[in-house]
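What follows is a single structure, written as structure tokens, with notes after it.
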Amino acid sequence: MGGVKGFIEGGIASIVAGCSTHPLDLIKVRMQLQGEAQGPTAAAQNLRPSLAFQTNSTPSSTVRLRQATAARIGPVATGIRIFKTEGFRALFSGVSATVLRQTLYSTTRMGIYDILKHKWTDKETNTMPLASKILAGLIAGGIGAAVGNPADVAMVRMQADGRLPLSQRRNYTSVVDALARMTKQEGITSLWRGSSMTVNRAMLVTASQLASYDQIKETILAKGWMKDGLCTHVVASFSAGFVAAVVSNPVDVIKTRVMNMKVVPGQRPPYTGALDCAMKTVKAEGPMALYKGFIPTISRQGPFTVVLFVTLEQVRKLLKNF
């Protein structure tokens, strides 16, 4: 039961954290797509900045100006714009995909990390070296991402749909509809589009997030700065969220763009892969484009990590005797 309990505890905590911070994640995705051009040789109407000002014929200089303008829009303004133009419900677009993603991805990574943590913890000192924590996080994150990639693709698309012109929206009604239509229209392999980036990101996030939380928490308790309680959990989890955001943001930007790209049969896709997307992004928008959406990333990663670990600690207490 011990191994299974880690999956259950991690799954419950992840779903609670994912749903409660979903609007922040949606804003992050919209900001990461700002300034993106959807086709390598596309006409102006196919170059869609995040807030999608539509014209039939737009000079390239005007497009670049609009993209630069869109790139300056911050998370608060992005959230307000979504609320005004698409309504309150739009802030929860793709929440069904978030639930499925947390059920598949986070439950798997949290459960595997817990198993490895118990296996590799020194029985005498009851401690685990930082290197072992990082390795456990890399392994758990990679496996979890491979399992949860289809839900991740669906979530990104559903979150990004509102930024498209009406004629180009996919209008998925649920995560099940998204997965079914993607399989039918683009093939089963589309469910693992961007999976290399998803796996890389998940390995980085899990290693930095879970390992740093355990390490910071252990340090706080060992130094006697705080007692084991809510304050310690909040401080350790927010610090872990910041570390995870810094480490993962560039990979997250590329992952989002590759997953969201629209592939038209008979036409060359906007990106041939993650490396191609990274090179085009840096060339067109500069290296700092890889940190687009960092403010909403940390604004989401911080609360998400806090809710995740605070909930996890409480769930562990509830299930302690099971």
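The values are calculated or read from the model by the stated rules, or taken from the named source; none is laboratory data. It should be emphasised that the depicted structure is a prediction, and the values quoted were computed from it without experimental measurement. Reconstructed Cβ throughout: ideal geometry from the backbone, glycine too, with neighbour counts over all protein chains shown. All accessible areas refer to the heavy atoms of the entire protein, side chains included, with ligands and DNA or RNA removed. Shrake-Rupley method; radii C 1.70, N 1.55, O 1.52, S 1.80 Å.
Annotations for the structure displayed:
- Relative to the longest principal axis of the Cα atoms of the chain, helix 2-20 runs at roughly 40 degrees.
- Kirkwood Rh and Cα Rg combined as Rg/Rh, segment 182-315: 1.11
- ³J(HN,Hα) computed for each position of segment 113-122 - Karplus, 6.51 cos²θ - 1.76 cosθ + 1.60, integer Hz, glycine/proline x: 4, 5, 5, 5, 4, 5, 6, 9, 6, 5
- Order of exposure, largest accessible area first, which applies to 118, 233 with probe 1.4 Å: 118, 233
- Neighbourhood net charge (12 Å Cβ-Cβ; Lys/Arg +1, Asp/Glu -1) for residue 269: +3
- Cross-link partners for residue 217 among the lysines, with Cα-Cα distance under 19 Å and sequence neighbours closer than 8 places in the same chain left out: 117, 123, 133, 227, 317.
- Rolling a 1.4 Å probe over the heavy atoms of the protein chains gives the chain an accessible area of 46 Å² per residue.
- Within the straight-line cut-off of under 30 Å between alpha carbons, the lysines reachable from residue 262 are 28, 84, 184, 280, 283, 292, sequence neighbours fewer than 8 places apart in one chain being disregarded.
- Positive minus negative residues near residue 137 (Lys, Arg vs Asp, Glu; Cβ under 13 Å): +2
- Surface share of carbon and sulfur [accessible, 1.4 angstrom probe, percent] for the chain: 66 percent
- Descending by average beta-carbon neighbour count within 10 Å, the peptides 137-146, 17-26 line up as 137-146, 17-26, the highest first.
- Among the listed values [x] 0.96; [y] 1.03; [z] 1.33, the one computed from these coordinates for Cα Rg over 2.2 N^0.38 Å is [y].
- Other residues lying with their Cβ under 10 Å from the Cβ of residue 170 contribute a combined charge of +2, Lys and Arg counting +1, Asp and Glu -1.
- Take 125-134, 90-99, 247-256 and order them by the average number of nearby Cβ atoms within 10 Å per residue, most first; the result is 247-256, 90-99, 125-134.
- Nearest-ten-degree value, helix 75-86 long axis tilted from longest Cα axis of the chain: 60 degrees
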